[in-house]
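Laboratory data are not the source of any read-out in this text; all were calculated from the coordinates shown. All figures in this text were calculated on a predicted structure; none of them were measured in a lab. We place every Cβ from the backbone using ideal geometry, glycine too, and count neighbours over all the protein chains shown.
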Amino acid sequence: MDPKSMNNELLRQVRTAVETVDSLNATMPYEHFARCVPKEDILKTRKVILTGCGDSYCAGIAARPVYENPGINNVGAVKAEAWRNIEFTRYYDTYRRWWIGEGNDIPLVLGVSISGKVRRVIEAMARTNHYGGVSVAFTDNPESDFAKEAQHVVSLGVPENHPAPCVTSYFGSTFGLMAFGLYHGVARGKMTEEQEREARQALVDYAHAYTPAVMEDLENKMLAITQKWIDAGVDNMDFIGDGADYATAFYGSAKMVESFGGLTTNDDSEDWNHINYFMKNPEKVGTFVVANTTCPSFDRLLETIHTCTVIGRPTVVITDGDASLFPDGVDVITLPKPKYPWANPLMQHIPMDYVAAFWGLIKGIPDFRPDSPVHQLDEGAKRFRESAVVII
């Protein structure tokens, strides 16, 4: 089967990945962030909290290292945390020890919602404001209730796209948070504007390393793996990643669910050995492991990959390293290596995006289950667009 003969909106968005990054880079220059969030408001705060739901939560996990250690002068910028929306709005610091009073650990809260219609992230902005933090909405809908609730708004300028398990919007959220992280480093005096420009260019150069030849090779490899797994009767998928690479694993699992209703799980390399190791019928559990050589837990990831092979898991390793580093019997997808390791999550989800798209097309399953009456009962997404906002 020739991947060039296969098409849907998800594939189109993956195939235009580099163009999307170029568009976002042009839409969100350094000056854009300086206009949206003044340096003075950043300096009021002493930590960063990134929060969102679904893909937006993944983008926060992916971008967090840029705020903590952008790799410039080996100096960390500030403490940063990525929180699920419900954890931040209903459980984070419920005793309010760090919110109130001069010199306390006042947070800069970066909420993410492309649509701006998700009630929980509106709640995050409202809670931040209520307790004296600085709230920033990252969105593609600057007129939304989410944007209106926030003190500051960063418009992402995501290129127009059609409904799909969205890749374009994830690029927007992830690139936006990463690039803002560099501006944030300048605002705090941790890097110069010249260093910011160099790091941003390195991020864009990394995207451009995904040349047409690289992308064509990935399409061929991932289509072959997809067909091999379908022929082998794979009916579950497991995703493993640590640190910021957990964002890639989590995001990849989400695309399988959205594209064809796949049954998926995700975990880190340590917990996997305690729990998901015991999943039944290992020969039918397709497993993705994100294992970059720069990851502090790379040795543990290697052990985990070895265990996958011993129990007979069909395993794909997504990495910046050479195939010779990994055990025989796994499919190793070696991707371009960025100058700064924090850039990896921007592009490394692409192999899994391809599998999600190809699997749905081969099985004839449309995105978001329009063939399933029960899944169309809430077509307007009232389940998260009309939930009550509560300040705790």
Subject >> Potential lengthening between Val390 and Arg90 on full extension [0.36 nm per residue; Cα-Cα distance subtracted] >> reply: 107.2 nm
Original post:
By how many nm would the segment from Lys47 to Glu303 grow when fully extended, if each residue of separation counts as 0.36 nm and the alpha-carbon distance is taken off?
Top reply: 88.7 nm
Subject >> Electrostatic dipole magnitude of the stretch 17-96 [Cβ: Lys, Arg +1; Asp, Glu -1; Cα centre; debye, to 20] >> reply: 440 debye
Subject >> Extreme residue, positive dipole direction of the stretch 1-131, given options Ala34, Phe88, Val48 (C-beta unit charges) >> reply: Phe88
**OP:** At q = 0.08, 0.13 Å⁻¹, work out log10 I(q)/I(0) for the chain with the Debye formula, treating every Cα as an identical point scatterer and leaving solvent out; two decimals please.
**Re:** -0.41, -1.10
Subject >> Cα-projected label distance for Glu283 with Gln201, points at 7 Å along beta-carbon direction, nm >> reply: 5.4 nm
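What longest region of the chain stays clear of chymotrypsin sites (Phe, Trp or Tyr not before Pro) that DSSP places outside H, G, I, E and B and that have at most 12 other Cβ atoms within 10 Å? All intermediate terms of the calculation are to be shown ahead of the outcome.
Details: sites that count: Tyr91, Tyr95.
Value returned for the longest uninterrupted segment is 96-392.
Kindly provide the Kirkwood hydrodynamic radius of the stretch 212-369 in Å, to one decimal, from all pairs of distinct alpha carbon atoms.
Across the stretch 212-369, the inverse of the average 1/r is 15.5 Å.
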Subject >> Helix-only mean residue ellipticity at 222 nm for the chain, each DSSP H run of n ≥ 4 adding -39500 (n - 2.57), per residue, nearest 500 >> reply: -13500 deg cm²/dmol
Subject >> Built amide H within the under 5 Å cut-off of Lys47, gap 5+ >> reply: Leu108
Subject >> Dipole magnitude of the chain, debye to nearest 20 (Cβ charges: Lys/Arg +1, Asp/Glu -1, about Cα centre) >> reply: 980 debye
Original post:
Which net charge results for the neighbourhood of Phe175, defined as the other residues with beta-carbon distances under 14 angstrom from its beta-carbon, given Lys and Arg at +1 and Asp and Glu at -1?
Top reply: -4
Original post:
In nm, to one decimal, how far is the Glu216 label point from the Ala34 one, both placed 7 Å along Cα→Cβ?
Top reply: 4.2 nm
Subject >> Net lengthening on full extension, Asp328/Tyr131 (0.36 nm per residue, minus Cα-Cα) >> reply: 65.5 nm
**OP:** Work out the FRET efficiency for Asp371 and Lys79 from their Cβ-Cβ distance, taking R0 = 56 Å, and round it to the nearest 0.05.
**Re:** 0.75
Original post:
Suppose R0 equals 35 Å; then what is the FRET efficiency for Lys148 and Asp271 from their Cβ-Cβ distance, rounded to the nearest 0.05?
Top reply: 0.35
Original post:
Local charge sum around Val153 (other residues, Cβ-Cβ under 13 Å, Lys/Arg +1, Asp/Glu -1)?
Top reply: -3
Subject >> Given 14 as the ceiling on other Cβ atoms within 10 Å, longest exposed-site-free region of the chain for GluC sites (Glu not before Pro) in DSSP loops >> reply: 161-378
Subject >> Under 30 Å from Lys221, Cα to Cα: lysines that are on another chain or at least 8 residues apart >> reply: Lys4, Lys255, Lys280, Lys284, Lys337, Lys339, Lys363
